[in-house]
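The values are calculated or read from the model by the stated rules, or taken from the named source; none is laboratory data. Since we're looking at a predicted model, the values are computed, not measured. Here the Cβ positions follow ideal geometry from the backbone for every residue, glycine too, while neighbour counts run over all protein chains shown.
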Amino acid sequence: MLSRTADNLFWMCRYTERAENTARMLDVNLQMSLLPQDAQTREGSWLGVLRISELQGLYGQKYASISPHDVLQYMVRDPENPSSIFSCMRAARENARAVRGSLTTEVWETYNTTWLELLKHLHTGLLERNPGEFFEWVKFRSHLARGVTIGTMLQDEALYFLRIGMHLERADNTARMLDVKFHERDGNGQESRGESAGAAPQSEFYRWSALLSSVSGLEIYRKVYRDVITPDRVAELLILHGDMPRSLLASMRAVADDLARVSNQRSTETERRAGMLCAELQYGRVEDILASGLHQYLDHFLDRINDLGNRISQDFLVPLSA
Amino acid sequence: MKDRTSRPAAYDEMRDSAGGIRSHYQAFERWHDEQSAEAMAVRRLEADLSFRRVGITFSVAGDAAGTERLIPFDLIPRIIPADEWRLLEAGLKQRVRALNMFIHDIYHGHDIVRAGVVPAEQVFLNAQYRPEMQDVDVAEDIYCHIAGVDIVRAGAGEFYVLEDNLRVPSGVSYMLENRKMSMRLMPDAFSRIKVEPVAHYPDLLLDNLREVAPHGGDDPTVVVLTPGMYNSAYFEHAFLAQQMGVELVEGQDLFVEQNTVYMRTTQGPRKVDVIYRRLDDDFLDPLSFRADSALGVPGLLSVYRAGRVTLANAIGTGIADDKATYLYVPDMIRFYLGEEPVLSNVPTWRCSRPDELSHVLAHLDELVVKEVHGSGGYGMLVGPTASRAEVDAFRERVRANPANYIAQPTLALSTVPTYVDSGVAPRHVDLRPYVLCGKDIRTVPGGLCRVALTEGSLVVNSSQGGGTKDTWVLEED
């Protein structure tokens, strides 16, 4: 398959996944803000949204203060924000258009329709009228794109590169969401590390259940642990639990598996690094991770994800002469 | 003052002069009569939505905002009876065969010039003559692998060829998508009327391209070369690549090494044998043609000249389809094939000849005047519908550079009933059948029917507000 095509497929899925994750995060934040909160907590949670995408600086250049309205507008419809849902969906569709010949008709039409419907929703003000419905729509379109892709595409390189893009992005997003939520807690100093193993007080309950909801993990948590929500278990579920579809382990396993399928003469080192990361997650223990500092751990994880992304580009996607 | 209403009434493809339905339209008209206005309106809306969803849009030249427009699709098909199609097909094959022989001759022995049939200056002083191609042998001696010949009808049995498009004719994807659309929206009409299918075109095309691979390669690799997703015909490029199951490449995806063309893949370089290029000659190879072209492949021409890759269409076919060479096509048919042309040319005046120029200048308001190298409906004058000022302005342009223009009588192009704001009304149409030239010459029955949606307009180009119709060639009884 053409390197350029693989590149477009990879990014098409990354952007779709990113749009979905942004919608998840905004949706949960919006629901949280309906609960009684003090002003500082509220502002903190919206700042968290920007921090996850590393956009505090860019946002600050446009807006003087942090308000739910402005953050929503910025994260959803601002074409100048490269991570806004608008920008992600536009990029996903442009990438799809560049390779529409390599997609099934159904996949292409799904991407194209998503884009056309987004324009319509933004124009008719669905976001302002019913933000929950809008975010549901974004998630649903992403589910649909995934389903149509799996349901109609030949299982060849095109599909593998799609999935690599999707899972790499998902690992990145889950890690960021975890990082920011734990950072908020530690920043507020409400709890010291020693106490974190115990059951969370009520205000904490909402923090962790929100984080779980944002990755469709609340019900999974109940099923897996059958117990109260504790931050340690939340971290364990989202990092180390291989059966949780949005966990780091599940995402990285999928990346490593697909990398092995597309393997070429240049990619040995990339495959080794992906395999290492998987093995560490597979055999890691949440106590060790927390003991050495979750933030450092996730920070390091994000660096490695980034490194993998660059290596995949060099090995497969960037056209080299020979 | 000339009487502008004196143009003969146009031939209506559906109705005879007494208003009766012609026999080949009767089954359709019966079906159409049974449909309520609402049902047809819903179908029209559905067609529009569906074309948008499929993304069959074209970008408008010079529009930086990337506006995407639909080419309007009209539900009422152009229907062609079997015997008429037989005639058209015979004429098309004859014409393309002769044109292909002409191009080969021009780049080899110049027989037709030495015989005095086509003047030397028409060939060798023509900007479309490519000296790089002189004495180059191309696979199977085929130059115009894909031709899109524009045909109009002025009266019963009166078909004229308007243009032979032998470079990178486009529009075939609309032919295919229009059929898909009408079968989806009017399935019951198809169950009653036997229409020749067209959906096998991509298979024929792939076959055709594989046949002309350089010698010695079995299982040749075919690719479609596109200028990229911002080209107005990008949809078609992607569509054809997908339908044929071959890679859609851009110039940057190809490179030349050791006299071979390769594409860059995730598994390393892969040899390419046949390039169906949707890029003009000028952009193909920055080392040989336009140095500023970022769309082409450096070194491509030398591999091509060495016979190690096939380009479809060949480089230099423009020599045979410019509007001045057009005049000689009937003579080419007689010269190479010893046959009388089945399809006629439109009578044409050459402004390069002083006597013909003076005739043209005296009758500008009756004639259609075109640039010799123009296309897409740009740079032309339709005398009878132009304003006085437009005619005067054009007169100056022709005077300043007569050799750049030809003129033709304003043909009363035939009409087909068409959905317009006020209901259903006749609109002028043309027809572009696609002719594939490999070891055999093949066509699919029908082609792209373009329709001028503005009342009275004779300009059918989509860039000028034209629409399209499905073309139904009826099966033999």
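Would it be correct to say that residue A:306 is surrounded by fewer than 16 Cβ atoms within 10 Å (Cβ to Cβ), more than 14 Å from chain B (Cβ to nearest Cβ) and closer than 21 Å to residue A:5 by Cβ?
Here the answer is no, as residue A:306 does not meet what is asked.
Given (1) in a helix (DSSP H, G or I); (2) away from chain A (no Cβ under 11 Å), where does residue B:239 come up short, assuming only one miss?
Evaluating residue B:239 over (1) in a helix (DSSP H, G or I); (2) away from chain A (no Cβ under 11 Å) leaves (2) as the failure.
If residue A:78 passes every condition in (1) within 30 Å of residue B:232 (Cα to Cα); (2) in contact with a Pro (Cβ under 8 Å, 6 or more places away or on another chain); (3) more than 14 Å from every other protein chain (Cβ to nearest Cβ) but one, which one does it miss?
(2) is the only condition that residue A:78 fails.
If residue A:205 meets every condition in (1) modelled with pLDDT under 95; (2) in contact with a Phe, Trp or Tyr (Cβ under 6 Å, 6 or more places away or on another chain) apart from one, which number is that one?
Among (1) modelled with pLDDT under 95; (2) in contact with a Phe, Trp or Tyr (Cβ under 6 Å, 6 or more places away or on another chain), residue A:205 violates only (2).
Step by step: first the residues of the range A:117-143, then only those that are crowded, with 17+ Cβ neighbours inside 10 Å and within 14 Å of chain B (Cβ to nearest Cβ), then the one that is nearest to residue A:18 (Cα to Cα). Which residue is that?
Among those residues, the one meeting the criterion is A:141.
Sort out which residues of the range A:206-252 are among the polar types (S, T, N, Q), farther than 17 Å from residue A:20 by Cα and part of a loop (DSSP other than H, G, I, E, B), and write them in order of number.
Filtering the range A:206-252 down to residues among the polar types (S, T, N, Q) leaves A:209, A:213-214, A:216, A:230, A:247, A:251.
Of the ones still in play, those that are also farther than 17 Å from residue A:20 by Cα are A:209, A:230.
Within the range A:206-252, A:230 is the sole residue that qualifies.
Filter the range B:246-276 down to residues that are among the small types (Gly, Ala, Ser) and facing chain A (nearest Cβ under 9 Å), then give me how many there are. So that I can check it myself, show each step before the final result.
Initially, the range B:246-276 is screened for residues among the small types (Gly, Ala, Ser), giving B:251, B:268.
Applying the additional criterion that residues be facing chain A (nearest Cβ under 9 Å) yields B:268.
Selection size over the range B:246-276: 1.
Output the strands (runs of 3 or more DSSP E) that fall wholly within the range B:380-464 and possess 2 or more residues being touching a Lys or Arg at 6+ places or on another chain (Cβ under 6 Å) and among the β-branched types (Val, Ile, Thr), or say none. Step through it out loud before you land on a result.
Working: elements: B:405-409, B:415-420, B:423-432, B:434-437, B:441-443, B:448-452.
In the range B:380-464, B:415-420 are the strands (runs of 3 or more DSSP E) which contain 2 or more residues that are touching a Lys or Arg at 6+ places or on another chain (Cβ under 6 Å) and among the β-branched types (Val, Ile, Thr).
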